[in-house]
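The values are calculated or read from the model by the stated rules, or taken from the named source; none is laboratory data. As the structure is a computational prediction, the values presented were derived from the model and not from experiment. Cβ placement follows ideal geometry from the backbone for every residue including glycine, while neighbour counts extend to all protein chains displayed.
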Amino acid sequence: MDTNTAGIPTLTIKLVLLGESAVGKSSIVLRFISNDFTESREPTIGAAFLTKRITRNDKAIKFEIWDTAGQERFAPLAPMYYRNAQAALVVFDITNEQSFRKAQNWVEELHEKLGDNIIIALVGNKMDLLTMQGEISNRAVNEDEIQNLCQQENLLYFEVSAKTGKNIQEVFQAVGEKIPFPTHNVGRTSEHDLTITDDQRIDLESTTVEGARETGGCNC
Amino acid sequence: MHERDRTSDSSSLVTSLMKSWRISSASSSFASKKPSLYKMNTTEPNSLPSSYASSARKDRRTSDGNFEAMAKQQACTRRTSNSNSPLRYVSPTLSTASNESPRPALLLRQHHQRHHNHQQHRHSSSGSVNNAGSNGTDPNKKSDRYFKDLDEDWSAVIDDYNMPIPILTNGGFGSPVVPTRSSSRRSTSSSINSTSNVGPSVVRNSSSSFTYPQLPQLQKEQTDDPKKMQVEIENERDAQELNSIIQRISKFDNILKDKTIINQQDLRKISWNGIPKIHRPVVWKLLIGYLPVNTKRQESFLQRKRKEYKDGLKHTFSDQHSRDIPTWHQIEIDIPRTNPHIPLYQFKSVQNSLQRILYLWAIRHPASGYVQGINDLVTPFFETFLTEYLPPSQIDDVEIKDPSAYMTDEQVADLEADTFWCFTKLLEQITDNYIHGQPGILRQVKNLSQLVKRIDADLYNHFQNEHVEFIQFAFRWMNCLLMREFQMGTVIRMWDTYLSETSQEVTSSYSISSNDVKTPVTPTEPRVANFATPTKDFQSPTAALSSMTPNTVEDSSKMRQSSLNEFHVFVCAAFLIKWSDQLVDMDFQETITFLQNPPTKDWSETDIEMLLSEAFIWQSLYKDATSHWL
């Protein structure tokens, strides 16, 4: 079993991913969980559940992740998954303006339903697609607008690439750090923890990209 | 649990079913716990044919008791078939040991009874129901004794359940009747002989007009020394397999070739057990209700529908019709993500075809529109119909060849049209799954949980304790008809059965003339209640029922609902319960992780057939009960 974290205090964080279809939610999770990427993944139906353990100082954090389906038709299911979540990654595609609008809606819905009881990280995915043609970038979402939203709604913000792995670990690390370690919250008996972590290399080093650069700039 | 033992002359299918499982279990695990497993309660001493009237309630009660054990037994069966066991399916006729064996008629009668749960059927309890008796040595007598000796306590319950079941022939290791090796071999050869005589008439051997799918039968080879006989068994198995394939093909030929009117019931029944690849495209089109059973009309019909599709496309993509951008975009991003592991779906020509089909369907069905998951559902049709354009020897390469290399544009358009219409027909039956709120799926998930609660209370309670909610894993099962859980090959085999289960209704909206193209067919419009009777030869099960049973209306509405979606719930139940033994030891996280990635990669068609058979049994047993709680 998980020898690394057995016996040390474990904080379990329930985390949900929300965002429009095809912005890369599942890819972000796959990169985080198993440091892998596939170009074409079947659309998630309903939601997928995954877990991963990371360490924070001398403590362990276990993420229980619900990766939801993005299509609007499945939206009624979302409350079931974010209801008990302590953290949410609201993902959009930085080359797709529409997906940012959708992300805004999700942030509003989360705050409306859960108040401040949830840590929300806004995640702009597909950095790898950003190209500059002279002065013109194909970035579709205005950075000021992102910053405003983050300040207004008190969000963490990361720009990431699930494809290259850039900033993926950092997002989860940052979310983990935002959540206090309650003394009574010890994770479930490690006896039954079938964490995917074990044989799937956390290996923070290998995926670390030039520091935890929070490109959006709102360090809230 | 064991109230009393019952003796009765009537044996039944359930008896033999239980026996089958018992045998397989005993042989696979050499379990010593027989009595507790097999002595089931009989709540009513005289629950024989005369007491059908009160059967529904009773069924439920007794079966609850029974099925706790059955579920576990299934697990044993599963393992047996996975390991190197001789337990396997063969074609029905192949395993028919005796020339006079009543099995074909018997099975038909079973199917018949499936629709006659409330009817009195005294003749059904004749001693000819001797499924385990095919040892080649006076099967009737043997098996009668066999039943009586061991399962008298079962007889009383039996007549309330009348359904086809997987049949274990040749006894088994644990069988008290141990025929000699030679007799078993003799039975095989005689069965082949008998088939050649009986074979062609099998499908018409029915005295009733109700025919329903035969279940694949389990065959267990008889041997005293498994190791020694293994090679021999395997050889025999290969020969049987080949034989069975040839027989199946000729059976389909019998139904399809040189007929003016194709007997849809025969077709349904036989297709339930799997369709040979070369027949699959045309049979699917018939089963789904696309291709007319009147062969003289087929050609003109296809021409008309294909033209209709092309006109629809033309209209949709013309300037006067504004593109539904969000829908188009959603489909566009999902197409490359459809079956990403199969080369066929990476070809641009295929992607374009699927995009057109899905988009046209979506804008014509605005109440549901395009929903992720239905992109999966279109592919079995596409892939299957594509094989029509390949020479038979290359059918197996359909997933790796680029269709644009061997098809003309005209052919591609025809293929798309056929796919589109059949896909439309399929979705008509499961419309509720995809409209806003997806009520069909939510209902199915609920039904599944209720079913599991009754079939496998341990598992259900375990889920409750671990806070596992059915929707967390079963939503996808319903949304994609389990397609994500299996490989394409097994999915297609599964669809043979599913399409045989589709209901016969024809909706008024089906025939869209090119004039109505502008009127989208909303999936919410009520389905037409009456069954189609496409030809005068064809009598739908319900229509036939109506002439005999008083409660026609009720039955017909039940029948109508009990098509694809309902059967699918039973398949899901069987699928879930298959892992019951493992799941009860898992916590929440393990459970969800496991069910998201069930170990089905290596599943063969046999595994799928086993699953479908189990589902069929559950459905037969719970069908009436379900109306109270489903």
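Key figures
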quantity: Given (1) of a type in the set (Val, Ile, Thr); (2) within 14 Å of chain B (Cβ to nearest Cβ); (3) buried (at least 21 other Cβ atoms within 10 Å of the Cβ); (4) in contact (Cβ under 8 Å) with a residue 60 or more places away in the chain, index of the condition A:Ile94 fails; calculated: (2)
quantity: Residue match in segment A:31-49 (condition: in a strand (DSSP E or B) and more than 9 Å from chain B (Cβ to nearest Cβ)); calculated: no
quantity: Filtered residues of segment B:246-266 (kept if part of a helix (DSSP H, G or I) and in contact (Cβ under 8 Å) with a residue 60 or more places away in the chain); calculated: B:Gln247, B:Arg248, B:Gln264, B:Gln265, B:Asp266
quantity: Matching residues in segment A:134-176 - criterion: being assigned to a helix (DSSP H, G or I) and touching a Ser or Thr at 6+ places or on another chain (Cβ under 6 Å); calculated: A:Gln169
quantity: Residues located in segment B:288-305, provided they are of a type outside the set (A, V, I, L, M, F, W, C) and assigned to a helix (DSSP H, G or I); calculated: B:Thr295, B:Lys296, B:Arg297, B:Gln298, B:Glu299, B:Ser300, B:Gln303, B:Arg304, B:Lys305
quantity: Scope segment A:73-83; condition more than 10 Å from chain B (Cβ to nearest Cβ) and not small (Gly, Ala, Ser); matching residues; calculated: A:Pro79, A:Tyr82, A:Arg83
quantity: All positions within segment B:572-606 that are touching a residue at least 60 places away in the same chain (Cβ under 8 Å), within 24 Å of the chain's Cα centre (by Cα) and within 12 Å of chain A (Cβ to nearest Cβ); calculated: B:Leu595, B:Gln596
quantity: Subset of segment A:83-133 [modelled with pLDDT of 95 or more, in contact with a Ser or Thr (Cβ under 7 Å, 6 or more places away or on another chain) and part of a loop (DSSP other than H, G, I, E, B)]; calculated: A:Lys126
quantity: Answer from B:Tyr359, B:Tyr406, B:Tyr370 - the residue that is without any contact (Cβ under 8 Å) to a residue 24 or more places away in the chain and farther than 22 Å from B:Asp496 by Cα; calculated: B:Tyr406
quantity: Hey, A:Arg53 closer than 24 Å to B:Phe470 by Cα and either crowded, with 24+ Cβ neighbours inside 10 Å or within 14 Å of another protein chain (Cβ to nearest Cβ) (or both) or not; calculated: no
quantity: Leading residue by the ranking (surrounded by the most Cβ atoms within 10 Å (Cβ to Cβ)) among those in segment B:224-279 that are among the β-branched types (Val, Ile, Thr) and more than 17 Å from B:Val293 (Cβ to Cβ); calculated: B:Ile233
quantity: Hits in segment B:306-325 - residues which are under 18 Å from B:Leu354 (Cα atoms) and in a loop (DSSP other than H, G, I, E, B); calculated: B:Phe317, B:Arg323, B:Asp324
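Here is a yes/no grid of residues against (1) on the phi > 0 side of the Ramachandran plot; (2) in contact (Cβ under 8 Å) with a residue 12 or more places away in the chain:
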| position | (1), (2) |
| --- | --- |
| B:Leu242 | no, no |
| B:Gly289 | yes, yes |
| B:Phe301 | no, no |
| B:Ile331 | no, yes |
